[in-house]
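Working notes for the structure below.
The values are calculated or read from the model by the stated rules, or taken from the named source; none is laboratory data. Quantities reported herein were computed from a predicted structural model and do not represent experimental measurements. Note that each Cβ is placed from the backbone with ideal geometry, even for glycine, and that neighbours are counted across all protein chains shown.
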Amino acid sequence: MGACSVAILSVVALMSSSSTKRKNGSSSQGGLKHYLTEHKQTAGESIDQLWIKPFGSLMTIFLIGLSLALPLALIVILESGDKLVSSWQGQSKISLFLKMDVSEQRGAALSQNLASHNGVRSLRYLSKQQSLEEFENNSGVAVPLELLEENPLPAVIVVEAGTAHPGDLERLRDELALLPEVEHTQLDLLWVKRLQAILQAGQYLAQALVLILALVVLFVVMNTMKLLIEHRRSEIEITLLVGGSHAYIRRPFLYLGLWYGLFGGLLAVTAVESLLWWIEGPVASISALYESNFYVQSMSLSLFFKALLFSSLLGVIAAWLEVSLHLRRALAK
Amino acid sequence: MIQFDNVTKSYAGGQTALQNVSFGLARGELAFLIGHSGAGKSTLLRMIMPSEHPSSGKVIVSGHDLKELPNRKLPQYRRSLGVVFQDHQLLSDRSVFDNVALPLRVSGFNHRDMGRRVRAALDKVGLLGKERLMPDTLSAGERQRVGVARAVVNRPSVLLADEPTGNLDPELSGEIMDLFEQFSQMGACVLIASHDLALVARYKHRLLSLDHGRLLSSDFVSGSSDV
């Protein structure tokens, strides 16, 4: 939070920096102290301004919060989905079905050779007999061997790949398929790819939403600033006439924009966290039904700070734009 | 200090506020600007602030050609001016202290110096002790004096006043005018637009007489305290 605050306040200070020369021979340290005191005072006064018209301020903060909550929620859910896909990809296995005429000794030797392959993290060799037992265990159906002349199931080597990347997995599968002992390979990545494509589309959607709703926030804050500037028009005119610089005029509005953005961001974060808490139980139930370890995770600390930084900057930028427009119009008169 | 060279100001509707006005005021000079309502007094003052620019001609103040003054240098220039407005132009949601301190605050004064100067300025206009009051609680005359205190608190080199005694009783008007005279004696160039010819006549001054935007005279007048 500290780094975030410093970053935001630095931006405000930069955007409202004045070329004012310190008077009365005050030292640079004293000048800096005075400058910081001025900023502290302006920041405090601008917070007080929020309470002059509490309903209007709350409405602005509410609009900012709601506008940012939607893309933020999407980003958090996509992050959870991304982690799920990564975990599934990490468990990606390639099944090598050996030819029926490959002896058990050759199969075991092949699995020993493959264990030292770069792309293989671990493997498990299932003889024809073990394959049959596993089939019977998993399916609950006993194979009537007395009716069959021989075990119809091939020996299998189940390879756990050392990579999670779909492209690398496919290359490893193709390489292993060329082995003379291998009849058939199986790598079921299509559904992972589909899910990944959906998540990627979701990320584009989230980015587009962030852009559109950031513009909404800009317009909301600019409109609020416009009303505040109108309310303080005479004060601005008098301050300009007594030598107030544009930076000096801008400063209280930048702090107001900062508070709107920051409180709006906090509201968005709170709304998203509440939503996640609300859907956590139902999602866990669905996940359990699919024997999945998927769960909706809480917002990461980095995303939390990024959201606050983003919303605060939006508020500051909107205030800067509106006040600059007003001052430009005032100068043009 | 203040130089007007053939200054004409016309508005889009064809109305001319000033026509070929030329005069010069030196450092330490006290000048009164007289003329009927609509003669162009306020326009002339606004050109020095400058919240308006001439349609033709030049306004030069403290060596600055105001039309050529870049926007970024405007605040610094305005800090060298003190302006008393006819309608006070006080901030109603700020205390007397904060109103008077505004020019110092925008100039970057520290709080200690600000406090000292504000109290000195309020003392000069007879309002010491009323720092914490809000302008709405003051009489019209007191508000005008707050405006005067704000104009002089920055010790400006040029002091402009638009009907500064309009709301004051004769005694207080005299005190405020004496204050302006003191400022001119300290080296400031003081230009006052006024209707009160009797009050004006008490001081040694330059008299700039405007009529329908034309400067009729810019004579030196010896003051008489008997008037």
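Tally up the residues in the stretch B:19-44 that are touching a helix residue (DSSP H, G or I) at 6+ places or on another chain (Cβ under 6 Å) and more than 26 Å from B:Glu181 (Cα to Cα), please.
Residues meeting the conditions: 0.
With the stretch A:151-258 as the region, which helices (runs of 4 or more DSSP H) entirely inside it contain at least 3 residues that are in contact with a strand residue (DSSP E or B) (Cβ under 7 Å, 6 or more places away or on another chain)?
Here the list reads A:166-177.
Here is a list: B:Gly141, B:Gly115. Which entry is within 20 Å of the chain's Cα centre (by Cα), more than 11 Å from chain A (Cβ to nearest Cβ) and assigned to a helix (DSSP H, G or I)?
So the residue among B:Gly141, B:Gly115 that is within 20 Å of the chain's Cα centre (by Cα), more than 11 Å from chain A (Cβ to nearest Cβ) and assigned to a helix (DSSP H, G or I) is B:Gly141.
Can you name the residue in the stretch A:275-292 that is among the polar types (S, T, N, Q) and surrounded by 11 or more Cβ atoms within 10 Å (Cβ to Cβ) and is also modelled with the highest pLDDT among such residues?
A:Ser287
Can you name the number of the only condition in (1) surrounded by 18 or more Cβ atoms within 10 Å (Cβ to Cβ); (2) touching a residue at least 40 places away in the same chain (Cβ under 8 Å); (3) more than 8 Å from every other protein chain (Cβ to nearest Cβ); (4) of a type in the set (Lys, Arg) that B:Lys58 fails?
Here B:Lys58 clears every test but (1).
Only residues in the stretch A:30-44 that are facing chain B (nearest Cβ under 8 Å) count as the first member; pair them with residues that are modelled with pLDDT of 75 or more, Cβ under 6 angstrom, at least 6 apart or cross-chain, and list the lot.
A:His34/B:Asn110
Of the conditions (1) more than 8 Å from every other protein chain (Cβ to nearest Cβ); (2) touching a strand residue (DSSP E or B) at 6+ places or on another chain (Cβ under 7 Å); (3) over 11 Å from B:Val146 (Cα atoms), B:Val84 satisfies every one except a single condition; which number is it?
Every listed condition holds for B:Val84 apart from (3).
Give just the number: which of (1) more than 10 Å from every other protein chain (Cβ to nearest Cβ); (2) at pLDDT 90 or above; (3) within 24 Å of B:Lys204 (Cα to Cα) does B:Ser95 not satisfy?
Every condition holds for B:Ser95 apart from (3).
Here is a list of conditions, (1) surrounded by 16 or more Cβ atoms within 10 Å (Cβ to Cβ); (2) not in a helix (DSSP H, G or I), and A:Ser298 meets all of them except one; can you say which number that is?
Every condition holds for A:Ser298 apart from (1).
Does A:Leu213 satisfy being in contact (Cβ under 8 Å) with a residue 40 or more places away in the chain and under 19 Å from A:Ala69 (Cβ atoms)?
Yes: the conditions hold for A:Leu213.
Of the residues A:Arg121, A:Arg106, which single one is within 44 Å of the chain's Cα centre (by Cα) and outside the structural domain of A:Gly81 (by TED's automatic domain parsing)?
Answer to the selection: A:Arg121.
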